[in-house]
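The structure under discussion appears below in the form of structure tokens.
Since every read-out is calculated from the coordinates, none of them should be taken as a lab result. Since the structure is predicted, the reported quantities are computational estimates derived from the model, not experimental observations. FYI the Cβ positions are ideal-geometry reconstructions off the backbone, even for glycines, and counts take in every protein chain you see.
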Amino acid sequence: MTVPDLDDLIAEVDRTCATAHRPGGQEQPDWLALLSTAADLAGRLQALADDLVEDYVEHCRMHGRSWTDIGTALGVTRQAAQQRFHAPHKRYDPETMSEDLRQAMTHVKRAAVQHRNNYIGTEHLLWGLTAEDNSATRLLGAAGASPEALHRTVGDRLSMGASQAAERIAWTPYSRKAIALAEEQAEEAGSAHIDCDHLLLGLARIGRGVAAAVLDEAGLDAETLREAVAAPPAGRAVRRG
């Protein structure tokens, strides 16, 4: 992978900032517009860089590496590493979730604890969503899939870990992205609550992780699920939260 250099980034700013260049090239470009575009690009690059490092920090923690080890690898103190990465991520208040999603989350947490995992991955989320009847299982049915079969398949992907569940159970980056996308889905649907079908669509939209792989193997992608929401089969009402 070739990392872009400064000239590449400047060229990208010039290319994407359409309002900065006036017709005829007789006047100076709009430097403030270019600055704004550059700042936006820098922010997106920084966020991506932070997500990259955080992903590997979480994997190190999942596999038993200490904060001292992580700090050494990052060239900072243990305290600095812990302060930066151990802060709780955005918590989703149960009040923002539908009753069905709150119930599904109890299955998600149970799957992580029973398998001695100190993290919640997309596999745990899909397992919890398919544990009992809800808007996600009805959406899967509308898309022509068997929720029970998916539940068994994803259950086979849950691996036994070594955690004693003494520390917080962290959400993996893909799981956090899925719930963020679910929140967007709920807002687009005009729903006051995030429901199970919103989270299912979030898992599908990511396109990566165990849940996405299981859905893909079943022939279910985000577009297929969206079509099922828009035109569910007769007799199958897909309830929105």
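Please list, in chain and number order, the residues 5+ apart from I120 or on another chain whose amide H is under 5 Å from its amide H, with Hs placed from the backbone.
Residues meeting the amide H criterion: A170, W171, T172.
Near the amide H of I194, under 5 Å away, which other amide H atoms are found, from residues 5 or more places off or on another chain, if H is placed in the peptide plane?
Amide H neighbours of I194: M97, S98.
Looking at (1) 13.5; (2) 17.6; (3) 19.2, which value of mean projected area of the Cα convex hull in nm² comes from a calculation on the structure shown?
(2)
Report, in deg cm²/dmol and to the nearest 500, the calculated mean residue ellipticity at 222 nm for the chain, where each DSSP H run with n ≥ 4 adds -39500 (n - 2.57) and the sum is divided by the residue count.
Roughly -19000 deg cm²/dmol at 222 nm, from the helical runs in the chain.
Tell me, what HN-Hα J-couplings in whole Hz come from the Karplus equation 6.51 cos²θ - 1.76 cosθ + 1.60 at θ = phi - 60° for each residue of segment 125-139, using x for Gly and Pro?
Each residue of segment 125-139 in turn: 5, 5, 4, x, 5, 9, 6, 7, 4, 6, 5, 6, 5, 5, 5 Hz.
Give, as a single signed number, the net charge of other residues whose beta carbon lies under 13 Å from the beta carbon of L220, with Lys and Arg counted +1 and Asp and Glu -1.
Taking every Cβ under 13 Å from that of L220, the sum is -4.
Once phi is turned into θ = phi - 60°, what whole-Hz ³J(HN,Hα) does the Karplus curve with 6.51, -1.76 and 1.60 give for every residue of segment 29-39, x standing for Gly and Pro?
Those phi angles translate into x, 7, 5, 5, 5, 5, 4, 4, 5, 5, 5 Hz.
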